[in-house]
Amino acid sequence: MSAWLMAAFLNGLDSAETTALTEAMLHSGDVLDLAGAPGTPVDKHSTGGVGDKVSLLLAPIVAACGVPVPMISGRGLGHTGGTLDKLESIPGLRTDLSVETYKRQLVTLGIVMIGQTDEIAPADRTLYALRDVTATVESIPLIAGSIMSKKLAEGIDALVLDVKCGRGAFMKTEPDARRLAETLAEIGAEAGTPTVALLTRMDAPLGRAAGNWPEVAESVRGLQDASDGAGSIADVMDVTLALAGEMLALGGAASDAGTGREQAAEAVRSGEAFGKLLEMVEAQGGDPSVLDAPEARTEQAAARVVEASAEAQGYAADLDALGVGRAALALGAGRRRMSDDVDPLAGVVVHRKPGEPVQPSTPLATLYATEGSPRADFDEAERRLLGAFSFAEEKPDVPPLLMDRYAGGAWGRG
Ligand code: IUR
């Protein structure tokens, strides 16, 4: 298999080969059958980034609009986080539900979020371990087959992809990100699962928080802030509502993605999305009361505020997502190896993002870790965080996060 992986890595795979590989990995384990579930189950996958808490907002929003969301998520590795680790930072919440419980909760609540089981695409796990030691991870067809084999095993009827592009993403360049999006969507189409991909920027962190509980707290505030559906996390909400619009259209709850987006925004404003999140947390054994006042849990952590230097003047010009991700990792929010534990409270909350004003001693970020955590290196985190910022006298232009959309074999915002 190592020889085969190296051959595939060097020569590439054409689309028929990629589909054949995906099908073989998909059928190496259980393919869940959601036939009894009402409606059209739709899920989303993100290729990952720093501060990417979109799933925590998106799944309850879409479920509140009547499209069932069965989500199987992964753990974080390196500077990127994983939805599973974020969910598990909510005290008591279980993600290791049985397949029967998964299906039952999908029927009763329209939302369920669990982790990979040993029975889902086991060949992918074996192949990924081999890719890791043969330096064949970074192959677009191998990545696409790996992602799609696991998503297609969920038993979904349609899929939305958030393909990230930039410094903090797996795909650093736009041509690579576009090719990954096309490959993923083509596998979906071949499998008879309509798949829409959005290409989104991942140069700066998404939102202000990176780390497990810090991201849950930020997401909760985003859903609680019923006034305008955006509040303090406009960038996260923009990506979330765009993906929600696509999911509602694919799930048959909206005539098109634009209408779906409006329905999704209304579900945030009305508080129904937040209510759906609380229902899911409670059903999975979590303590929903913690989500009513997330700051109380944040304040249990040890904290250090990082300030701008005495020379800083003007605006934050740039904030490197990779540097922020590494700061969070130094605090214990992530894993260097898959066997590492994560500190649920660890992470970074930035107070200035590109385009926001900075003066001497402006608080740039707060660093968090569980009091006394042996994993936390506040000094390294502070160095990484300061290294991630650059400043300018002129206010910089901040490009929108949504770059493009791939659907039905073509690019275009539609
Ligand atoms: N995520 C996956 O599910 N598979 C991969 O190969 C990579 C990320 I890289």
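The values are calculated or read from the model by the stated rules, or taken from the named source; none is laboratory data. It should be emphasised that the depicted structure is a prediction, and the values quoted were computed from it without experimental measurement. When we count neighbours, we look across all protein chains shown, and the Cβ atoms used for this are built from the backbone with ideal geometry, even at glycine. Quick note on the areas: whole protein, heavy atoms, side chains included, nothing else; ligands and nucleic acids left out. Shrake-Rupley method; radii C 1.70, N 1.55, O 1.52, S 1.80 Å.
For Glu174 and Trp411, the difference between the fully extended length at 0.36 nm per residue and the C-alpha to C-alpha distance is 84.0 nm. Within the chain, the percentage of alpha carbon pairs spaced more than 30 angstrom apart rounds to 39%. Take the chain, connect every pair of alpha-carbon atoms lying under 10 Å apart with a spring to form a Gaussian network, then pick out the residue of Asp343, Asp132, Asp379 with the largest mean-square fluctuation. Among Asp343, Asp132, Asp379, the largest mean-square fluctuation in the Gaussian network model of the chain belongs to Asp132. Measuring with a 1.4 angstrom probe and ignoring ligands and nucleic acids, Arg94 comes out at about 120 Å² accessible. One Cα centroid belongs to the range 316-385, the other to the range 240-310; the line between them spans 22 Å. Give me the distance between the Cα centres of the range 154-195 and the range 51-90, rounded to whole Å. So the two Cα centres are separated by 17 Å. Calculated FRET efficiency, Thr134 to Leu77, Cβ-Cβ distance, R0 = 25 Å: about 0.90 to the nearest 0.05. In the range 120-179, the portion of solvent-accessible area held by carbon and sulfur atoms comes to 58 percent [1.4 Å probe, whole percent, DNA, RNA and ligands not counted].
Summarising the label geometry, the points placed 7 Å from Cα in the beta-carbon direction at Val31 and Thr101 lie 2.7 nm from one another.
The calculated P(r) of the range 201-329, using every Cα pair and 5 Å bins from 0, goes 2, 9, 14, 18, 19, 16, 12, 6, 3, 1, 0, 0 in percent.
Over the range 258-349, Cα pairs under 8 Å with separation of 6+ residues give a relative contact order of 15 percent. Among the listed pairs Lys164/Lys276; Lys150/Lys353; Lys53/Lys151; Lys164/Lys353, those with a Cα-Cα distance over 24 Å are Lys164/Lys276; Lys150/Lys353. Beta bridges per DSSP, both residues in the chain: antiparallel share near 60 percent. Using the Cα coordinates of the range 37-80, the gyration tensor eigenvalues translate into equivalent-ellipsoid semi-axes of 24, 11, 7 Å, sorted from longest to shortest.
Computed from the C-beta positions of Glu393 and Ser361, the FRET efficiency with R₀ = 30 Å rounds to 0.95.
Taking a straight Cα-Cα cut-off under 19 Å and skipping sequence neighbours fewer than 8 places away in the same chain, the aspartates and glutamates within cross-link reach of Lys395 are Asp203, Asp235, Glu311, Asp318, Asp320, Glu356. Extension gain, Ala20 to Glu266: 0.36 nm times the residue separation minus the Cα-Cα distance gives 84.4 nm. Normalised by residue count, the range 308-395 yields a Cα convex hull volume of 83 Å³ per residue.
In the full protein context, the chain carries 39 Å² of accessible surface per residue, based on a 1.4 Å probe and ignoring ligands, DNA and RNA.
The translational diffusion coefficient of the range 246-295, from Stokes-Einstein at 20 °C and 1.002 mPa s with a Kirkwood hydrodynamic radius over alpha carbon pairs, comes to 176 µm²/s.
Taking only the Cα atoms of the range 1-117, the ratio Rg/Rh comes out at 1.03, with Rh defined as the Kirkwood radius. Calculated FRET efficiency, Thr259 and Met338, Cβ-Cβ r, R0 35 Å, to nearest 0.05? With R0 = 35 Å, the Cβ-Cβ based efficiency is 0.25. Pairwise Cα distances in the range 148-274 exceed 22 Å in 44 percent of cases.
Placing dummy labels 7 Å off each Cα toward the beta-carbon, the span from Arg383 to Ala3 is 4.5 nm.
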